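Inspection log for the structure reproduced underneath, given as structure tokens.
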Amino acid sequence: MKTPDTREQHDRGLQSPARLFSLRMKFVVFFSLILIATCSSLSWYFIENRRTAMAENLQELGVVLLNNTVHNDHFRIGGVVLEDRETLDQFMQSLLAIDHVSYVIITAADGRILDRQTKRWRHTSDGSHEKPNQPIYPDDRLSASLLQTPLTTPLITTFHLSPTQRLIPENTSGWFPLFSVWQETLFDFAMPVLRESGTTMPSRHAVEFDELIGPTSPASTSPIVGLVRIGITDTQARQALLIIIRNVSILTLLIIAAGIFGAHLLTSRITTPLRSLAAAARQLAAGNATPMLPTPTTYDEVGQLIQLFNVMAQSLYDRNKAINMNIETISRQIKQLTTVHQASTAIAGAGTLDMNHLLDTLLHLLVENLGFVRMAVVLHHPEEHRASVAKTIGTSPDIAEAARKLDIPVADNGSFTADLILHDKPLLIDDLDTVAQRIHPPALELMRRSDVRSLTAVPLKSHAKNIGYLMADRGPQPCNKDDLHILSTIAGHVAAAIDNAKAYSKLTELTQHLEERIEQRTQELSLANTQLQEHDRRRSKFLSVVSHELRTPMTAIRSFSENMLDGITGPLTELQQTYLIRTRHNVSRLERIIGQLLDWSRLDTKNVEPSLEHVSIPQLAMIVVESLQTVAAEKEVSVTIAPMDTLPLVIGDRDKLEQILWNLIGNAIKFTPPGGCVTVECRLSHPHLLETCVSDTGCGIAPADVPNIFDEFSRIPSAMPASQGAQLGLCITKTLVTMHHGEIRVESRPGFGSRFYFTLPTVEASDQPA
């Protein structure tokens with residue numbers, strides 16, 4: 001919808017200079033351009049055709065004259081040009097008598113000009129006196145070249161007559177060019193006269209020819225015996241073409257003018273009603289009186305448009321009239337709905353759940369906006385089978401005080417209160433006297449003292465439970481169904497607010513009790529947390545001290561055992577050697593258990609901070625495998641690394657990652673019987689995840705124990721109990737993998753070995769934004 005400012009700007013835009021380019025102007029200009037282009041193109045096409053036809057006629061004339069002259073039996077006798085002056089002069093005069101012929105030149109085979117005549121003369125002067133006129137002929141150099149070439153077709157050369165009346169050659173070709181309209185053009189037709197083979201020259205002419213050129217002259221043996229040049233002018237053709245151009249131009253201008261005038265009349269017949277229609281539409285958009293256009297005189301598209309506009313304008317008038325009739329009703333309903341919304345907002349954002357303050361705010365809002373004179377809220381006390389007035393507004397202070405002290409019994413006896421509270425019926429009372437016997441007498445007395453004549457009341461229900469009712473009146477004016485509808489709409493919000501206020505009171509007491517309990521429980525938890533922290537500190541200290549105290553004697557035991565095995569104390573019996581090997585094995589096992597306990601303690605207290613760097617898992621696996629080859633060889637277990645392509649690096653703590661591989665590969669060696677094998681392989685399981693698998697052919701794990709394999713102190717039974725330790729290695733391994741944002745899993749079948757997989761994010765995954 002346009003605002004007034006927007007409409008004003010639109011009207012100014014319609015009155016701007018851009019209106020000069022109206023629809024009529026655009027149509028006339030467009031049609032004129034098309035008409036001018038079409039007529040001009042047709043005129044140019046007609047003139048070009050006429051010009052081409054004239055040029056072809058001149059060509060045909062020149063070729064015919066030249067061929068007739070060269071091949072004329074009277075002109076050629078025995079193949080030799082007749083040099084009789086009288087005969088030549090007759091031929092020359094006959095050719096020059098033709099209108100288009102400008103000059104004629106006849107040349108002998110030796111280049112001598114036998115005769116030439118022209119109609120064109122050059123007028124010259126030196127500024128002080130006139131010079132004799134000079135004839136206009138073409139250059140003789142062309143004649144010399146043609147006498148060397150036995151052509152059988154005419155050669156056409158174009159000459160333009162310059163402002164100084166000199167012939168300027170344009171081209172020389174075998175085809176005839178078009179002449180210029182604005183400049184005189186001469187077309188030179190030249191053709192050599194060839195000696196006819198098998199002909200004999202009469203004795204008299206032979207003697208004359210020999211006397212002229214000599215018996216030994218090259219011309220006597222050349223096939224060319226002469227040259228004829230005829231000049232054709234385009235003067236008459238140009239004059240005729242100029243007349244045609246003038247007539248065609250005048251006709252074209254007349255057609256264009258008539259077309260423009262017709263287009264103007266046609267567009268005026270179309271645009272004049274459209275302008276009236278636009279003016280009426282502007283009045284309609286401005287909100288003025290509904291405009292009506294005159295009845296159209298035609299029934300074309302424009303006439304139909306005007307008729308439809310009049311129908312539309314009449315419909316708009318009728319619709320506006322209906323809207324104006326309903327505007328007061330709509331405004332009143334909007335005001336009532338706004339009041340309902342304001343009441344709901346006041347209930348939701350009152351900032352307090354105090355019953356008295358909430359009801360006072362709500363009743364004042366309803367009275368001010370809905371036109372009620374008096375209102376009251378009555379609350380139900382079901383445990384006491386009575387109702388009481390919680391709040392009144394619009395009454396005198398003594399009546400309000402008497403109403404607050406009023407107790408209304410609630411019984412299913414058909415009373416006014418029973419219908420509202422027990423049966424949830426909204427009531428519209430047009431006349432208080434008609435229901436006086438159904439109203440509690442003290443309440444009826446207060447109503448009469450307040451001069452209540454008509455009232456409406458609606459029940460208040462919250463969570464399907466009736467908590468009272470809301471009633472109102474308009475003083476001397478009777479209440480209507482709209483009042484009942486509005487009160488029914490807002491009754492739910494009022495009931496919810498009252499119910500919330502009651503619940504808030506109970507919740508306050510409960511909250512206070514809970515706060516006391518929470519404070520007591522918090523103190524107990526704080527004391528327990530302090531004790532747990534102290535216990536954890538003592539446990540870590542105990543593990544550190546015990547591991548240190550145990551490592552010292554174990555180091556001595558291992559050293560003595562190795563020395564005795566090396567033969568330092570002397571030769572050993574086979575039984576002694578067996579005992580010492582078992583002693584060394586158990587010492588190594590205890591050291592591993594102590595190391596795992598220390599690692600577990602550090603990880604459990606979250607005191608480990610990884611030192612991150614780029615690490616190659618395949619390279620790290622190769623180092624661990626090489627370090628464990630001795631242990632594997634003692635058990636006769638083969639450890640191999642599967643061939644792999646170049647794999648990306650991961651980001652992690654080199655020592656922690658090496659410990660992961662050490663634990664997994666070490667466990668695989670421990671739980672693999674002699675003759676078995678352990679395989680390490682790496683691959684990309686995802687574009688940004690590197691997966692490492694450590695597989696063995698050991699005893700395997702029972703399916704029921706697989707879910708607990710990574711738990712600390714899991715005590716999972718094994719087919720090789722001698723290889724078990726504190727069962728912290730896999731727990732530590734999982735913790736280290738999780739520390740590197742990876743995952744670890746196991747696949748195992750008893751008797752078929754196990755496959756441990758762990759995945760780590762690559763460097764590319766770490767560089768990507770989260």
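List of remarks:
- With all protein chains in place and a 1.4 Å probe, the accessible surface of region 408-558 carries 55 percent carbon and sulfur.
- Solvent exposure of Lys465, expressed as accessible area, is near 110 Å², computed with a probe of 1.4 Å over the protein chains only.
- Model label points for Ser268 and Glu562, set 7 angstrom from Cα along the Cα-to-Cβ axis, are 12.3 nm apart.
- Solvent exposure of Leu370, expressed as accessible area, is near 20 Å², computed with a probe of 1.4 Å over the protein chains only.
- Calculated on the Cα set of region 674-713, radius of gyration then Dmax: 13.8, 38 Å.
- 3J(HN,Hα) along region 472-483: 7, 9, 10, x, x, 7, x, 7, 10, 5, 4, 4 Hz, from the Karplus curve 6.51 cos²θ - 1.76 cosθ + 1.60 with θ = phi - 60°, whole Hz, x for Gly and Pro.
- Note on Tyr469: accessible area approximately 10 square angstrom, rounded to 10, probe 1.4 Å, nucleic acids and ligands left out.
- Solvent exposure of region 304-446 as accessible area per residue, Å², 1.4 Å probe: 56 Å²
- In the structure shown, the pairs Lys391/Lys481; Lys425/Lys481; Lys391/Lys502 are assessed against 20 Å; a Cα-Cα span above that value is assigned to Lys391/Lys481.
- Sequence of Thr152, Thr158, Thr38 from largest to smallest accessible area, 1.4 Å probe: Thr152, Thr38, Thr158
- Ranked by how many other beta carbons lie within 10 Å on average, peptides 317-328, 93-104 from highest: 93-104, 317-328
- Surface per residue (accessible, 1.4 Å probe) for region 454-512, Å²: 48 Å²
- Against the criterion of solvent-accessible heavy-atom surface with a 1.4 angstrom probe, Ile568, Ile255 sort, most first, into Ile568, Ile255.
- Legend: distances between Cα atoms for Lys635/Lys670; Lys405/Lys461; Lys635/Lys656; Lys335/Lys461; pairs beyond 18 Å are Lys405/Lys461; Lys635/Lys656; Lys335/Lys461.
- Between Val29 and His688, the simple label model (points 7 Å from Cα in the Cβ direction) yields a spacing of 6.1 nm.
The values are calculated or read from the model by the stated rules, or taken from the named source; none is laboratory data. What you are looking at is a predicted structure, and each value in this text was computed from that prediction instead of being measured. Reconstructed Cβ throughout: ideal geometry from the backbone, glycine too, with neighbour counts over all protein chains shown. All accessible areas refer to the heavy atoms of the entire protein, side chains included, with ligands and DNA or RNA removed. Shrake-Rupley method; radii C 1.70, N 1.55, O 1.52, S 1.80 Å.
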